Amino acid sequence: MKENIAKKYNAMQSDIEKKLSTGKMGSLSLYDMKTICDCGKQLLIHHSVNTVAKSVADYFKRFGFMVTMDFNNVNYVIVEA
């Protein structure tokens with residue numbers, strides 16, 4: 001499981017680096033990119049992470065992670081699919 005998360009996280013990191021180098025960040029802000037990196041590190045440790053940012057959750061979903069709403073309908077729960 002940890003290897004799958006690491007592979008997906010590395011793909012996300014290279015995509016973020018490419019976006020930053022070209023300046024074409026799309027709908028992601030710099031804060032979103034920092035949050036994505038922090039959430040990825042937490043995923044490697046705990047295998048799940050919560051976030052309130054829909055753009056961050058959607059970005060993780062693009063890379064094959066499972067994203068669901070928490071029971072409070074505020075947080076998004078991200079886990080390895």
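What follows draws every value from the coordinates through simple rules; no lab data is involved. Just so you know, these numbers come straight off a predicted model, no measurement behind them. All Cβ positions, glycine included, derive from the backbone under ideal geometry; neighbour counts span all protein chains shown.
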Next on the checklist: So for the stretch 14-32 (the condition being within 9 Å of the chain's Cα centre (by Cα), among the hydrophobic types (A, V, I, L, M, F, W, C) and either surrounded by 13 or more Cβ atoms within 10 Å (Cβ to Cβ) or outside any helix (DSSP H, G or I) (or both)), does at least one residue qualify?
Outcome noted: no
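From the list Val56, Val49, Val67, exactly one residue is assigned to a helix (DSSP H, G or I), among the aliphatic types (A, V, I, L, M) and surrounded by 14 or more Cβ atoms within 10 Å (Cβ to Cβ). Which is it?
Numbers: Val49 fails: assigned to a helix (DSSP H, G or I); Val67 fails: assigned to a helix (DSSP H, G or I).
Going through Val56, Val49, Val67 in turn, the sole match is Val56.
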